[in-house]
Every structure is written in C-alpha cells, then in structure tokens.
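Q: Dumping the structure here so I can ask a few things about it.
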Amino acid sequence: MKRIDLPHHMRIAALQCNFEKGRSGTMRVATLWKRMGFNTEQLFHTHSELYSAVFDRRRHGPLLRRYLAKARKNGLSIILYMNCHILLTSQDRMARRWAQVRKDGGYEASYGTYKACCLNSSWVDFFLKSISSLRDLDIAGIFFDGPTSGPCYCQRCRKQFRRSHGASLLNAPPSRVSEFVTRSQVAFMRKAYEAVKQVNPHWIAYYNLPLMHAGMPASGVQELLQYNDIIGTEGGFQFYGPPKDVDIWRCGQNAKLVESVAGEKRKVIFMAGDHKPWSWYLHTPTETRLCYASALANGSSVWYGIHCSTRYLKSAAGAAAGGMVRFDRQQDALYRSTRSCSSVALFFSFDTNHRHTMSGEETDFYRSAGSKTAKPPGDYRQAFLGTYGALFRSGIPFDIVTELGLDRLAGYDVLVLPAGACMSEAAAGQIRQFVSRGGTLIADAETSLYTEAGSRRTDFLLSDLLGLSFRGSLTYQNHDYFALDGAFSLFANEGVLHIPAPIRALEVRPAPSAQILARLCPPIPGRYAGHPRKPIHPFLIRNNFGRGHSYYLAGAFFELYRKYGIPHYRKLLETLVLAHSAPPAMLVSGQDSVEITVRETMPGRRLLIHLVNYTGGMTRPIDRITPLRDVAIRLKDPILAARAMVADRQLRVERKGRIILPVLNEFEVILTG
C-alpha cells in the first residue's frame with residue numbers, strides 16, 4: 001500500500017465548491033495553489049455537488065485521477081474531502097431512510113437547504129462503502145466534514161434509544177439526549193476511521209472537531225481524539241453574526257485549545273477566506289492577515305478555504321492571503337516544530353462548558369448552542385472568555401489547558417481557573433499536586449462545587465486547597481461594591497477605594513489559616529441610595545497549600561469582567577499573576593489590543609515572539625490597523641540579538657532585557673539569538 005507523507009507544517013488550500021468553468025478550469029486550480037505557496041490541498045472541487053462532496057467512483061474517478069497527477073507535479077499532497085453531515089441534493093429521494101428528523105416530524109435543515117444525515121441509518125453503510133472505493137488513489141488521507149451534532153427523532157433513533165435507555169427519546173431529558181447524540185457520533189467516527197485504516201493504514205483521517213461547542217463533556221472529547229490523526233477546528237470561520245460581537249482573539253483562542261489536546265499530532269485551524277455567512281464576499285485584507293497570523297502565532301498550520309470561484313482570489317483579499325502563505329513558506333523551517341514557552345495557563349473545562357454554558361457561537365458546521373441545564377450557576381462560556389480577554393489585554397503570554405492535559409501543569413507557574421464548576425476527583429487531584437509543588441491557582445465562583453456530571457456537592461471539592469468552605473449564595477446588583485483590604489489596597493494611590501462587585505456572589509467561610517485580601521460591602525438598596533458601607537463578606541481569599549498558593553474570588557468575577565470590562569478587574573488579575581510568574585516575554589508598552597505569544601524553535605531553542613496588532617478604529621470588520629511605534633517587550637532571560645522577520649531588520653536589545661520594535665504594523669515575528 002502506497003504511503004504519501006504530509007508536510008509536518010502544512011499550508012492547506014481548499015476550494016469548497018466548483019464554479020470553475022468546466023474540467024479545464026478544475027485542472028488549473030492545482031497550479032494556482034502552487035503559485036500562492038500552498039503545499040497541501042484538501043481536495044473538494046473534483047467531486048463536488050454544489051457545497052457538498054462525497055466520492056463516487058463511476059462519476060468522479062477519471063477526473064480525480066487526472067487532478068491527482070497534476071497536483072503531484074505541483075508539489076501538493078492531497079487530503080480528500082468527504083462530507084458526513086449533510087446529504088447531497090441528489091440524495092433527497094433517500095430522505096425518508098437517511099435524513100435527520102425533528103421532533104415535529106419535519107426534516108432538520110442545514111444551511112437552509114440541505115438535509116442532515118442520520119448516523120443511525122443505512123446512510124452510514126453507503127458512506128463506508130464510498131471510503132472503500134478510494135483504495136487505489138494516491139492520496140495522503142481523508143478529511144471528514146462532520147458528523148452532524150444535533151439530535152434526530154426518526155423511528156430508527158427512537159427504537160435505538162429505547163433499546164439502550166429503556167425510555168422514550170421524545171420525552172427524554174436534554175442530558176440523556178445529549179449523551180445519545182455523543183454515543184452516535186463516536187460510534188460513527190470509529191467506524192469511518194477504522195474503514196480508512198483498513199483501506200490504507202498509512203492514510204491519515206481526521207474530522208472537523210467541535211472543541212468550543214457545548215455539546216460534549218471531557219470524556220466524549222477524549223474519545224473523539226483517538227479517531228483523529230490531525231486535530232483541527234473552525235477557529236477561522238467568522239463572523240456569522242454582527243462582526244462587532246466577535247472577539248479579536250477568536251482564532252488564537254481556538255488554536256490554543258487545539259494545541260492543548262493535540263499532543264504530538266499535527267494541528268490545523270480552518271480559516272474561511274469568505275466573510276461568513278456570505279460565501280461570495282471575502283474578508284478584508286487586514287482581517288485575512290490577522291487571522292492567518294494568529295493561527296501561526298499559536299502553533300497551528302492553516303487551512304485556507306473559499307466557498308466561491310477562484311476568480312475572487314484576484315482581489316485584494318486574495319492577494320493578502322497569498323502574501324501570508326508565501327511568508328509562511330519562507331519561514332517553513334522555523335514553523336516545522338515549535339513549542340509554547342508560556343508560564344501561565346488558563347483552564348478550559350469541557351465538563352463545565354457542557355453542563356453550565358447558556359451562550360454559544362455559530363460556525364459553518366456547528367449551530368450556536370449552549371447546554372440546557374435547568375438552573376446553571378451563571379454562564380461558563382462568558383466567564384472563560386472574560387478571563388481570556390483579561391489575560392490577552394494584560395500582554396501576558398498564556399496557554400490553555402483542559403481536563404485532558406493536566407499532567408502538563410508542572411511546566412507552568414500559574415493556573416487561572418474561571419468558574420470551573422464541574423470537576424472530577426481526578427482533575428482536582430492533579431490541581432492539588434500542581435499547587436502543593438509550588439504552583440499558584442487563581443479561581444472564582446463555583447469552581448469544583450459540582451461533579452463532572454453536574455450534580456451539586458455540599459462543599460467545594462477543592463475546599464482544602466482554597467482554604468475555605470461553601471456557605472451559600474449572595475444576591476448583588478450592578479450598583480454594589482467590594483473593597484480591597486488596607487494591606488492589599490493596590491489602587492488607593494489612584495483614588496479607587498471601591499470596585500464594582502460581581503452580580504452573583506458566594507458566601508464562604510475562610511479557614512483560620514487563610515488571609516482575606518478583599519471583602520464585599522453589604523448590598524445597597526439602589527444605585528442612588530447612599531454610599532458603600534463597611535465591607536463584611538470575604539471576597540478575595542489567599543491560602544497557602546504545600547509549597548504553593550491559591551487565590552479565590554467569591555463571585556462571578558470573570559463573568560462580570562466579560563460583560564462590563566471593569567479595568568481594575570484586569571489589573572487585579574494581572575497583579576496576582578505577575579506576583580507568581582515571570583513570563584519569558586511580555587508587552588510593557590501598554591497596548592491592550594496586541595496579541596503576544598512566545599514559542600521555542602525545536603531544535604535550536606531560539607525564541608519566536610509573535611505580535612498580532614488588532615489596534616484599529618474600534619469596529620469590525622477591521623479594514624485597517626493603526627501602526628504602533630516603539631513597542632517594548634521585556635524578556636525574562638538575556639539574549640544577544642533579535643531580528644524582525646516581517647520587517648527584515650535587526651532590533652535594538654537593551655541592557656535591561658528589553659527589545660524595542662520601532663513599528664508594529666499588522667503582525668511581526670521576532671526571532672532571538
């Protein structure tokens with residue numbers, strides 16, 4: 001069986017439709033990809049049917065073989081695209097047997113026109129047979145776009161649910177339905193993955209993973225990962241909704257999450273060149289460069305795809321994409337193997353995201369969705385994004401860790417754990433070990449107050465580490481306050497004596513050995529009902545645990561920051577983090593709209609500092625950025641030299657361990673020596 005290896009650092013092109021004016025136009029695409037600088041294609045357009053594609057040997061075989069030969073001549077490795085979440089339009093006649101059904105008996109529609117596939121139907125047999133028909137093709141592997149993430153209420157699914165759960169699917173609680181959907185997804189992914197390996201064990205197989213989606217707990221994600229040889233997610237598909245509502249760090253956030261679960265596997269961010277949901281309108285050149293740069297900055301390869309004719313790549317946006325791919329190609333040796341050097345980790349809890357998230361985001365594949373818990377303690381997603389934003393705007397490089405990677409905590413100084421309500425005994429044990437060995441934990445709200453399955457505990461599982469016990473809930477309004485203790489009054493010299501309190505707070509009893517650094521003032525009846533009274537309820541509690549420390553904020557601190565952006569919330573977090581960690585590099589110029597990451601080249605152990613500049617006109621889409629001057633970066637360890645790879649110039653290195661970048665345009669990559 002033939003083996004075709006993929007480049008370790010991939011630059012993946014994708015044309016997600018075929019409006020190329022016949023076979024000659026189809027064949028010219030490979031030449032275009034080579035000219036732009038790509039080394040891999042996720043091949044869709046040779047076997048497409050509008051915006052879906054499943055290989056049919058009789059219909060697609062001759063053209064596909066010709067294209068594969070052309071791709072080889074142009075230095076492209078081929079990953080074949082196979083859609084497994086919607087039926088082809090030509091398969092509508094099979095809807096009664098293959099399509100997903102809503103509770104009301106109608107068909108579940110995707111993208112407004114397509115019918116979704118039922119994973120418990122004979123469609124699965126059709127799909128597996130299609131995989132088997134690929135055995136004599138010279139490809140590197142298969143990408144599976146799917147499977148579908150929603151529930152199906154067809155007769156087949158109802159019967160299967162009754163067999164496995166002994167109850168009716170129609171009346172089942174949301175948690176049981178979600179579990180059933182996850183089981184169906186995992187079973188399908190296992191079958192398809194095994195089918196690929198039976199055809200050719202050298203081929204890679206991977207899926208479009210819903211890592212930020214609230215539909216799956218940690219155990220489900222862990223199962224999915226074993227059926228993926230590459231870890232990829234739609235971090236660069238945006239905006240869908242109003243662009244002003246999309247975080248500037250969205251792509252980097254997804255790339256960090258991919259890296260947190262990928263291990264030694266290849267990593268990729270799927271980036272749509274078109275401004276979603278409009279397939280025939282591309283992103284601005286600036287948005288294109290920023291998204292691509294952020295994926296690179298966080299250790300991912302980039303999949304760049306369009307959902308329109310390649311003629312649209314003759315635009316300024318297409319030129320911007322080509323420029324980024326060529327820069328990526330020029331620096332290929334640097335990007336082949338790097339690792340993050342961050343000393344700070346942000347915890348993303350799959351279990352809490354699954355159980356206690358009420359908001360969600362939409363991508364091209366996953367509908368906006370949150371978990372439907374009856375009375376969740378706040379909105380986990382908002383708390384996580386609030387923490388991410390606070391660290392981002394502090395200019396502190398950081399990574400994401402999850403329940404699946406807590407064995408890596410020893411490499412960090414500080415772990416920030418926002419509203420991690422749902423926590424297993426195993427995760428708690430690893431966090432205790434991290435702190436007892438000298439690490440610092442910063443947590444808030446209901447962290448560890450629920451089991452991983454969502455059941456309320458009587459006390460925090462991490463009560464011993466946090467140095468306190470749970471007593472109940474406190475009701476506050478958006479006109480109440482907390483105050484820092486006199487010995488910890490960080491902002492008194494600014495004239496800031498009181499700080500807005502989280503709207504949702506917890507009553508806790510600190511242990512005698514714990515130190516109270518801030519207290520909540522009693523609630524005020526109304527915003528104009530008097531001045532803040534003497535603070536009484538413990539709010540910020542420090543505790544020593546082994547050789548390490550914990551800081552606990554008794555309320556939805558990070559969720560409030562997400563909603564209101566209180567500057568002193570960010571400053572307080574920054575103070576706590578920097579008291580216990582010295583980042584390898586950090587921004588000291590006060591620019592809060594610049595992403596900074598620090599990675600180490602392997603081999604060589606040279607620092608690779610990425611700066612992505614989102615400073616613009618306070619609107620999105622970003623049409624142009626504001627160049628920043630004399631950007632200062634403080635280094636932990638001395639270096640001999642630094643070079644700006646985009647500007648192609650040597651930089652001044654000061655004695656105090658600072659690098660000065662004269663001008664930062666959209667992005668820069670600094671290589672130290």
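The values are calculated or read from the model by the stated rules, or taken from the named source; none is laboratory data. Because the structure is predicted, anything quoted here is derived from the model rather than measured. Methodologically, a virtual Cβ is constructed for each residue, glycine included, from the backbone with ideal geometry; neighbour enumeration extends over all protein chains shown. Ligands, DNA and RNA are stripped out before the accessible areas are found, and what is left, the full protein with its side chains, is counted by its heavy atoms. Shrake-Rupley method; radii C 1.70, N 1.55, O 1.52, S 1.80 Å.
Q: Taking R0 as 30 Å, what's the FRET efficiency between residue 330 and residue 135 from their Cβ-Cβ distance, rounded to 0.05?
A: 0.20
Q: Would you work out which of 271, 671, 455 lies farthest towards the positive end of the dipole of the chain, given +1 charges on the beta-carbon of Lys and Arg and -1 on that of Asp and Glu, about the Cα centre?
A: Farthest towards the positive end: 271.
Q: Counting other Cβ atoms within 10 Å of each Cβ, which chymotrypsin sites (Phe, Trp or Tyr not before Pro) in the stretch 238-291 have at most 14 and sit in a DSSP loop?
A: Working: sites: 239, 240, 249, 270, 278, 280, 281; in loops: 240, 249, 278, 280, 281.
Those that pass, being in a loop and sparsely packed, are 278, 280, 281.
Q: Which value, in Å² and to the nearest 10, is the accessible area of residue 473 when all protein chains are kept and the probe is 1.4 Å?
A: Around 100 Å² of this residue is reachable by solvent.
Q: Only Lys, Arg, Asp and Glu count, each charged at its Cβ (+1, +1, -1, -1), so figure out the dipole size of the chain about its Cα centre, rounded to 20 debye.
A: With Lys and Arg at +1 and Asp and Glu at -1, about 1580 debye.
Q: Taking the Cα centre of the stretch 177-336 as origin and charging only Cβ (+1 Lys, Arg; -1 Asp, Glu), how large is the dipole, in debye to the nearest 20?
A: 340 debye
Q: Which label belongs to the value computed from this structure, given these candidates for Cα extents along the principal axes in Å: (i) 79, 68, 46; (ii) 92, 60, 56; (iii) 198, 73, 62?
A: (i)
Q: Now for a different question. What's the angle, to the nearest 10 degrees (0 to 90), between helix 380-393's Cα axis and the longest principal axis of the chain?
A: Approximately 80 degrees, to the nearest ten.
Q: Report, to the nearest 10°, how far helix 57-73 tilts away from the longest principal axis of the Cα atoms in the chain, using its own Cα long axis and a range of 0 to 90°.
A: 70 degrees
Q: Restricting to DSSP loop positions (anything but H, G, I, E, B) with no more than 16 other Cβ atoms inside 10 Å of their own Cβ, which trypsin sites (Lys or Arg not before Pro) remain in the stretch 397-489?
A: On the way: sites: 408, 432, 437, 456, 457, 471; in loops: 437, 457.
In loop regions of the stretch 397-489 (DSSP not H, G, I, E or B), the sparsely surrounded trypsin sites (Lys or Arg not before Pro) are 437, 457.
Q: Then there's this: For the stretch 46-159, calculate the relative contact order in percent as a whole number, restricting contacts to Cα pairs under 8 Å that are 6 or more residues apart.
A: 33 percent
Q: Rounded to a whole number, what % of the accessible area of the chain do carbon and sulfur atoms account for, probe 1.4 Å? Could the numbers behind the result be given before it?
A: Working: 13110 of 26520 Å².
C and S atoms contribute 49 percent here.
Q: Now, a different point. What angle, in degrees between 0 and 90 and rounded to the nearest 10, separates the Cα long axis of helix 174-199 from the longest principal axis of the Cα atoms of the chain?
A: Taking the Cα atoms of the chain, the angle to 174-199 is about 50 degrees.
Q: Using 1/(1 + (r/R0)^6) with R0 = 30 angstrom and r between the beta carbons of residue 513 and residue 564, what's the FRET efficiency to the nearest 0.05?
A: Using R0 = 30 Å, I get an efficiency of 0.35.
Q: Now a separate question. Counting helices only, and only those DSSP H runs with n ≥ 4, report the 222 nm mean residue ellipticity of the chain as the sum of -39,500 (n - 2.57) divided by its residues, in deg cm²/dmol to the nearest 500. Could you put the intermediate results ahead of the total?
A: Working: 17 runs with 194 residues, N = 673.
Counting only the DSSP helices, I get -9000 deg cm²/dmol.
Q: If you wrap a convex hull around the C-alpha atoms of the stretch 66-178 and split its volume per residue, what is the figure in Å³?
A: Enclosed volume per residue, from the Cα hull, is 137 Å³.
Q: Name the long-range amide H neighbours of residue 400: under 5 Å, sequence gap of 5 or more, or other chain; modelled H, no Pro or chain starts.
A: Distant-sequence amide H within range of residue 400: 346.
Q: Greater than 32 Å separation of Cα atoms is the criterion. Which listed pairs, 34/267; 534/563; 34/276; 244/636; 21/73, meet it?
A: 244/636
Q: Which of 241, 395, 515 sits farthest toward the positive end of the charge dipole of the chain, with +1 on the Cβ of Lys and Arg and -1 on the Cβ of Asp and Glu?
A: Most positive-ward Cα: 241.
Q: Taking the Cα centre as origin and putting +1 on Lys and Arg beta-carbons and -1 on Asp and Glu beta-carbons, what dipole magnitude results for the stretch 61-100, to the nearest 20 debye?
A: I would put it at about 220 debye.
Q: Length gain on complete extension for the stretch residue 624 to residue 531, per 0.36 nm per residue less the alpha carbon to alpha carbon distance?
A: Working: separation 93, 0.36 × 93 = 33.48 nm, distance 4.47 nm.
Additional length available on full extension: 29.0 nm.
Q: Please give me, ordered by residue number, the GluC sites (Glu not before Pro) of the stretch 251-299 that lie in loop per DSSP and have at most 11 other Cβ atoms within 10 Å.
A: 264
Q: Using the Kirkwood radius over C-alpha pairs as Rh, can you work out the diffusion coefficient of the stretch 559-640 via Stokes-Einstein at 4 °C, viscosity 1.567 mPa s, in µm² per second?
A: Here the translational diffusion coefficient equals 85 µm²/s.
Q: Continuing with this model, one more query. Could you tell me the calculated FRET efficiency between residue 21 and residue 226, based on Cβ-Cβ distance and R0 = 45 angstrom, to the nearest 0.05? Mind dumping the intermediate values first?
A: Values: r = 42 Å, r/R0 = 0.94.
Step by step, r from the Cβ atoms, then E = 0.60.
Q: Next question, about the same structure. With every protein chain present, what is the per residue accessible area of the chain (1.4 Å probe, Å²)?
A: About 39 Å² of surface per residue is accessible.
Q: Moving on. With label points built 7 Å along Cα→Cβ from the Cα atoms of residue 469 and residue 1, find their separation and express it in nm.
A: 5.9 nm
Q: Could you tell me which of 537, 553, 29 has its Cα farthest along the dipole of the chain towards the positive end, charges placed at Cβ (Lys, Arg +1; Asp, Glu -1), taken about the Cα centre?
A: Positive-most Cα among the choices belongs to 29.
Q: Further question on the same structure: If you count the DSSP beta bridges with both ends in the chain, what percent of them are antiparallel, to the nearest 5? List each step's numbers first, then the result.
A: Working: 64 of 111 bridges.
DSSP beta bridges in the chain are roughly 60 percent antiparallel.
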